[in-house]
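Accompanying notes for the structure given below.
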Amino acid sequence: MVVVAGEPSFRESVDLMFNRAVRHMDLSPGLEQKIRVCNSTYTVRFGVRLRGKIETFTGYRSVHSEHMEPVKGGIRFASNVNQDEVEALAALMTYKCALVETPFGGSKGGLCIDPRQYDERELELITRRFAYELIKRDLINPAQNVPAPDMGTSEREMAWIADQYARMNTTDINAKACVTGKPLNAGGIMGRVEATGRGVQYALREFFRHPEDIAKAGLSGKLDGKRVVVQGLGNVGYHAAKFLSEEDGAKIIAILERDGALTSDAGLDVEDVRQWIVKTGSIRDYPGAAFTDAGAKVLETECDILIPAAMEGVINLSNAERIQARLIIEAANGPITFGADEILRKKGAVIIPDMYANAGGVTVSYFEWVKNLSHIRFGRMQRRAEETRHELLVNELERLSADKGLGWTLSPDFKKRYLHGAGELELVRSGLDDTMRTAYQAMRDVWHGRDDVEDLRVAAYIVSISRVAATYQSKGL
């Protein structure tokens with residue numbers, strides 16, 4: 001996290017944003033406090049023998065709210081992981097899950113480690129030992145606490161964790177549901193790897209369906225041709241930028257990474273930049289674009305849409321006044337501090353908040369969890385029946401045309417697309433699109449329906465907190 005003097009911590013920022021929202025709500029002080037506080041945080045310190053010596057690692061698993069179970073939240077591997085950060089992220093998971101109506105409470109985990117300093121075998125040993133410490137305390141469990149990938153982790157680490165759980169719980173038929181974001185051959189689901197980036201795309205598509213909202217950001221038209229700056233070309237930033245440029249016609253004019261930034265008024269080829277990073281480990285010397293070491297300054301580039309997709313606190317009191325983007329969508333968790341949020345709103349920028357914008361990951365994780373519990377691939381039972389029904393209709397239309405001498409036929413492209421039954425990937429994308437649309441509508445109803453709500457972040461918190469409060473009240477609290 002970027003730390004700026006005079007600003008609250010990430011955890012304090014989340015609480016301040018929570019407080020700003022509950023001022024517009026009629027909650028009892030006791031219930032308000034119950035929703036705000038983090039229920040528990042477990043700290044583990046364990047040793048692993050590596051390279052002829054024992055190394056000690058520190059990890060965390062925080063549970064913010066158990067109003068619904070299991071609780072859900074990723075595990076990140078980063079050298080700056082700390083309890084404050086993990087608890088803030090767990091709180092955001094509570095609100096995020098409530099906003100997109102996935103039946104989970106909020107949790108988060110982290111391990112203080114720079115994964116780039118270890119080879120694959122060493123990382124497996126470390127990951128399995130961390131998982132062991134959490135599993136034996138039911139902090140990884142299909143019915144109680146279900147992790148997922150986060151910064152520094154991927155489907156590889158999730159497969160190791162799932163296998164470790166299965167080894168320790170040999171009779172649990174639902175063992176694969178103990179973690180999501182797994183590879184397909186380990187019980188994963190199609191579309192999960194790109195889910196968060198795809199959710200960012202769907203969120204922007206939904207925003208641009210509403211002329212009134214577009215006008216609030218000082219924009220017009222559709223996504224096509226919009227000038228976009230992306231910070232962070234990791235899993236989320238890469239997929240969001242790729243989909244927006246290739247499918248929606250947006251122009252990616254700048255990409256920021258840890259070692260600098262690339263800029264091009266003509267637009268960058270996101271896939272080509274990604275392959276360059278994979279090949280060289282850096283964006284330096286990438287042909288066909290200008291490079292600058294001062295990557296943070298590129299955040300201040302004049303653009304239509306800014307997508308911070310790296311880490312928390314990158315837009316703060318030190319640079320908020322110079323941010324020129326009209327629309328900011330928080331693909332990362334907490335990229336805008338509480339103080340910066342105040343400044344940007346006064347400047348007229350519209351912010352699509354993190355708890356909504358990056359909810360694609362937990363949404364598709366929910367689908368994966370359901371798939372693991374049901375023990376069947378989505379689409380397996382209905383896909384061919386759907387294709388058969390469509391084929392009957394196409395054949396009957398063409399028969400009627402021939403009998404009546406109408407002389408028309410359905411185009412081959414239409415027939416191919418119409419006769420294709422929905423498989424797992426299509427159903428996942430459909431479910432994600434529906435989730436992002438429905439959640440945006442819930443926020444929008446509050447944003448436009450109440451005179452005392454000026455922005456989408458407060459609207460999102462109000463929707464989320466209301467749902468959490470309703471669940472607690474139904475339990476008798």
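Of a type in the set (S, T, Y) and within 30 Å of D248 (Cα to Cα), is that true of T170?
no
Within segment 287-320, work out how many residues are in contact with a Lys or Arg (Cβ under 7 Å, 6 or more places away or on another chain) and not acidic (D, E).
Matching residues across segment 287-320 total 3.
What pairs can you find where one residue is in segment 65-78 and within 13 Å of T180 (Cβ to Cβ) and free of Cβ contacts under 8 Å to residues at least 12 places away in the same chain, the other is outside any strand (DSSP E or B) and of a type in the set (V, I, T), and their Cβ atoms are less than 8 Å apart, with a gap of 6+ or different chains?
Between residues of segment 65-78 that are within 13 Å of T180 (Cβ to Cβ) and free of Cβ contacts under 8 Å to residues at least 12 places away in the same chain and residues that are outside any strand (DSSP E or B) and of a type in the set (V, I, T), there is no close pair.
Taking Q231, is it of a type in the set (S, T, N, Q), within 19 Å of the chain's Cα centre (by Cα) and not assigned by TED's automatic domain parsing to the domain that holds A261?
On the way: of a type in the set (S, T, N, Q): yes; within 19 Å of the chain's Cα centre (by Cα): yes; not assigned by TED's automatic domain parsing to the domain that holds A261: no.
Answer is no for this residue.
Among the residues of segment 1-29, which ones are touching a residue at least 40 places away in the same chain (Cβ under 8 Å) and small (G, A, S)?
If the condition is that a residue be touching a residue at least 40 places away in the same chain (Cβ under 8 Å) and small (G, A, S), then G6, S9, S13, A21 are the ones that fit.
Under 6 Å between Cβ atoms, at least 6 apart or on separate chains: pull out the pairs that start in segment 184-197 with a residue that is over 15 Å from A309 (Cα atoms) and end on any residue that is in a loop (DSSP other than H, G, I, E, B) and among the β-branched types (V, I, T).
Listed pairs, sorted by first residue: none to list.
The values are calculated or read from the model by the stated rules, or taken from the named source; none is laboratory data. For clarity, every value in this text was computed on a predicted model and none was experimentally measured. In this analysis, Cβ positions are derived from the backbone assuming ideal geometry, glycine residues included, and neighbour counts consider all displayed protein chains.
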